[in-house]
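The values are calculated or read from the model by the stated rules, or taken from the named source; none is laboratory data. Values in this document were obtained by computation on a predicted structure and should not be read as measured data. A quick note on method: Cβ atoms are made from the backbone with ideal geometry, for glycine too, and the neighbour counts reach across all protein chains shown.
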Amino acid sequence: MAERWRLAKAVTLRPEAFGGMAFHRARGITLEVDAEAYEFLCACRSPGPLPPANHPAAHLVPQLIHLGFLVPAPSETTGALTPPPQATSWLGDGYTLSAPETIHLAITARCNYACPGCYVPHPGAEPELSPAEWCRLIDQWAQMRVFQLAVGGGEPLLYPGLFEVLAHARARGIVPSLTTNGTRLTAETVRRLAAAGVARVNLSWDADEQRQSTIVAVLQLLLDSTLQTGVNLLVTPTLLSDLPRILAQLRTLGVQRATILRPKPGAANAAWYETSRLHRADLLRLRAVLREWQGVLDLEVDSALVSLMRDQQPAFLRRRAVYGCAAARRICTVWPDGLVTPCSFLADLGAGNVRQVPFTELWRRGENWEPLRDANAQPQDPCAGCDIIRLCGGARCIARYEKGDLLAGDAACPQHHE
Ligand code: SF4
Ligand code: SF4
């Protein structure tokens, strides 16, 4: 009898206008496939033999097995794993997804630090959403098949119902991660984060030496736990000159992953941004450091640094799920009072508040988000004509700050004039 295979239990499927998406919750990998391949994946919810060579999805099977999306089915397994994914009322348009892949959840604006670069508007007049309100939202997101929640703040560990919210997300099949300044992490909080199903904790590195000693101490707690651990490095020109030393220190401490963040202008940090932005020469230096260190550490860059990869083929970037500026199309932010914006750095482009309108409706309507969702409205010079324009997007928050236009290109792109 032919060997039987089935979809891994940790895979979430979601239909889209172009076919569908599959997210592996344990591996954090997302695939986008056409309609025939999506139909095949749906069929794999029940065990069966691999498709014949002339099947339209047959060419994908080795990759699906390699990435753990298809697994051997024990011979006694019968029946489908989960009910078939329901098509939502809106499938997106192929450029904007039917639902966010990741929602950035600013769970509180409160913080025990006052970093000059912080983009979070100070706590407003409206009360924060309660844990019960967040949990009801998570139920809506589970129905839409949102894949991941990136929980931050403010300092999220100051939010009293944090563990309840995180555990509810995991129970509803959404993978939560957490970004923290580390000051509230203890052996007990690390244990509770792991118990709540958090996949990854990102610690924000700080240029202040006293704060660095706190980070180093809590890093050890995290590295000794089952949680994936990463460090976020906000690379200002000052930090850039020290970056190789910091990366060496992280490696010595046993850190494997670091995320490189570009300074970005937000609602509350304009004065800081003026002195902390990266110019083209800085981006060229940063690219050189990252090339030297990639492979020694697992380095990721944020959505505003995809231009550092412009020498890569678009197909290569697509295979690695690089989407650059995906604000309002693949991601959004929900603020502590329930306001929904395209991302954390376009906090004035509110589409509405989840206290008044269901999130599903706010996402579908995308009020105030039209320029970000128009597939034909690509960034202008120096981005016009760029090979990877659809995968980079030219850092729209920076373009708007510098030129007053979301659709202006990224004038600091290191490839410009090369
Ligand atoms: S030219 Fe624009 S779209 Fe192309 S890599 Fe640079 S910033 Fe990105
Ligand atoms: S506007 Fe785009 S580049 Fe800027 S932070 Fe948001 S997603 Fe990233």
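If Leu221 passes every condition in (1) over 22 Å from Leu105 (Cα atoms); (2) touching a residue at least 60 places away in the same chain (Cβ under 8 Å) but one, which one does it miss?
(2)
Here's a check for you: in the stretch 317-330, which residue that is at positive phi and buried (at least 20 other Cβ atoms within 10 Å of the Cβ) is farthest from ligand 1 (Cβ to nearest atom)?
So the residue we want is Ala328.
Conditions (1) surrounded by 10 or more Cβ atoms within 10 Å (Cβ to Cβ); (2) at pLDDT below 95; (3) closer than 30 Å to Phe359 by Cβ, marked per residue:
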site: Pro52; (1), (2), (3): no, yes, no
site: Pro72; (1), (2), (3): yes, yes, no
site: Ala80; (1), (2), (3): yes, yes, yes
site: Pro85; (1), (2), (3): yes, yes, yes
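Would you call Gly230 over 30 Å from Gly404 (Cα atoms) and either exposed (fewer than 15 other Cβ atoms within 10 Å of the Cβ) or not aromatic (Phe, Trp, Tyr) (or both)?
In short, yes.
Sort out which residues of the stretch 302-318 are under 26 Å from Trp363 (Cα atoms) and either more than 10 Å from ligand 2 (Cβ to nearest atom) or in a loop (DSSP other than H, G, I, E, B) (or both), and write them in order of number.
Correct list: Asp302, Arg318.
Taking the residues in the stretch 331-369 that are near ligand 2 (Cβ under 9 Å from one of its atoms) and either without any contact (Cβ under 8 Å) to a residue 40 or more places away in the chain or assigned to a loop (DSSP other than H, G, I, E, B) (or both) as candidates, determine which candidate is surrounded by the most Cβ atoms within 10 Å (Cβ to Cβ).
Pro342
Answer yes if at least one residue in the stretch 87-99 is surrounded by fewer than 12 Cβ atoms within 10 Å (Cβ to Cβ), modelled with pLDDT under 90 and over 20 Å from Gln148 (Cα atoms), and no otherwise.
Yes.
For residues that are under 22 Å from the mean Cα position of the chain (by Cα), in contact (Cβ under 8 Å) with a residue 12 or more places away in the chain and away from ligand 2 (no atom under 12 Å from the Cβ), scanning just the stretch 379-406, find the one that is farthest from Gly94 (Cα to Cα).
Ile388
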